[in-house]
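For reference, the structure discussed in these notes is given below.
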Amino acid sequence: MIGIGLFKENTRIALGAIRSQLLRTILTVMIIAIGITALVGILTVVSALENTIMKDFASMGANTFSINQYDFSERVNRNNAEQKINPIISYPQAKAFQDKYTFPFTTTSLSFTATSSAEVKYEAEKTDPEISVLGVDQNFLPNKGMEATKGRNFTGFDISNNNYVCILGSDFEKGLFKDVNPIDKTISVRGAKFKVIGVLKEKGSTFGNNQDLRVLIPIQVARSLFSAPNINYDINVMVSKKESLAMASDNATIAMRKIRKLSPVQENNFGVERSDDLIQRLLSNTEVLRISAWVIGIITVFGSSIALMNIMLVSVTERTREIGVRKSLGAKRSTIAWQFFTETLVIGQMGGILGIILGIGIGFGIAKAIDFNFVIPWMAIMAAFITTFIVAIVSGLYPAIKASKLDPVEALRYE
């Protein structure tokens with residue numbers, strides 16, 4: 001009980017000393033807050049970016065891989081002067097792969113983007129010409145981790161018979177079919193009539209690309225309506241057994257090399273991307289931002305620790321006579337040291353809390369502005385508290401020890 005009472009008394013004295021030097025305290029708190037704001041703000045944006053990547057690429061499915069015109073790493077490495085131009089994946093090649101690839105427990109889907117600027121009509125209403133139309137098969141939805149919240153998916157019968165049916169993105173229920181159940185309604189795309197059989201679950205935007213303003217139609221129907229040169233087809237494979245994913249993707253590479261008629265000495269002129277590798281590769285790039293946050297935060301916090309130590313040394317000098325009076329009345333060295341140390345801790349934590357609030361606020365604003373999925377950065381908050389605590393200890397230890405070692409007689413003579 002005596003220890004608790006002494007702690008309360010020291011805290012009260014420390015708060016009184018802080019209030020007596022309000023302007024200097026505010027400036028010191030702001031210096032600490034700037035460093036913590038930079039640290040927490042960047043880490044908040046990084047966390048939002050990572051959450052967005054995980055959410056967006058989870059739609060690929062946990063055990064999937066895709067065959068694309070380019071390898072993802074080649075597309076990212078745009079500074080490579082020797083970057084080769086790969087031929088597109090044509091429909092005959094994509095279809096040949098689907099027919100010949102028979103690895104156990106796998107399903108293959110083919111798709112392509114027919115247009116990104118279609119106008120969709122329903123009765124007297126119509127959309128802006130900004131709708132994406134995709135030609136897909138019956139395996140597209142499960143392989144992409146998508147599901148229909150209303151209606152159903154395509155069946156093999158729909159695809160093989162080229163039925164004029166379609167599945168809509170969720171945004172159509174907010175616009176063209178507002179207050180109307182779209183199932184079994186008929187829409188018009190480029191003059192062709194399609195019966196709506198399903199509505200997709202909302203997915204949001206992927207790096208600015210709206211996933212909910214799409215119309216999915218059978219692939220052969222899309223090929224007949226949207227003829228364009230050099231159409232590139234996407235191949236996506238889902239593996240039922242996760243432990244077979246690596247073997248299945250290697251087998252797919254061999255199959256695609258045969259279809260492309262590549263000799264053993266030729267490099268792949270296509271890319272095979274596993275969903276888990278793609279996610280990890282993207283997440284690894286966020287480490288640069290995370291390291292930058294720590295570098296900026298440490299530099300600023302280092303400056304704030306010097307400022308905090310300076311204010312405490314000045315405080316010791318200004319209160320020399322007060323320290324002398326306390327020691328002459330029987331105050332122990334530990335009591336004097338703890339009083340100044342408590343003062344440092346209070347200032348440090350005030351700066352930390354302010355920095356955390358500002359950092360999360362700025363991070364939230366940036367995340368919303370660039371359409372990232374905001375999450376509360378608990379690790380950043382913990383890092384900020386630990387950082388400010390260490391700063392307070394480092395900055396307050398020397399002034400506290402200096403104050404406790406003052407000779408009471410000399411301190412009383414101080415003017």
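The values are calculated or read from the model by the stated rules, or taken from the named source; none is laboratory data. What you see is a predicted model; the values in this text were computed from it and never measured. Note that we place each Cβ from the backbone using ideal geometry, even for glycine, and neighbour counts take in every protein chain shown. Each accessible area value is taken on the protein alone, full model and side chains, heavy atoms only, with ligands, DNA and RNA left out. Shrake-Rupley method; radii C 1.70, N 1.55, O 1.52, S 1.80 Å.
Within the accessible surface of the stretch 279-395, defined with a 1.4 Å probe on protein heavy atoms only, the carbon and sulfur portion equals 76 percent. Pairwise Cα separations in the stretch 121-223 fall into 10 Å bins from 0 onward with the following percentages, short to long: 15, 54, 29, 2. Were the residues from GLU287 through LEU262 laid out at 0.36 nm apart, the gain over their Cα-Cα distance would be 5.3 nm. Accessible surface for the stretch 99-208, divided over its residues, is 50 Å² per residue with a 1.4 Å probe. Using the Cβ-Cβ distance between ILE254 and ILE306 with R0 set to 56 Å, the FRET efficiency works out to roughly 0.35. For the stretch 289-335, what class follows from the C-alpha gyration tensor (a ≥ b ≥ c being the square roots of its eigenvalues): rounded when a/c is under 1.5, otherwise prolate if a/b is larger than b/c, else oblate? Prolate is the answer for the stretch 289-335, as a/c is 1.5 or above and a/b outweighs b/c. Legend: calculated FRET efficiency, ARG19 to ILE299, from the Cβ-Cβ distance at R0 = 22 Å, rounded to 0.05, equals 0.15.
In this structure, the residue pairs whose Cα-Cα separation is over 21 Å, taken from LYS8/LYS327; LYS121/LYS195; LYS203/LYS242; LYS8/LYS332; LYS121/LYS203, are LYS203/LYS242; LYS121/LYS203.
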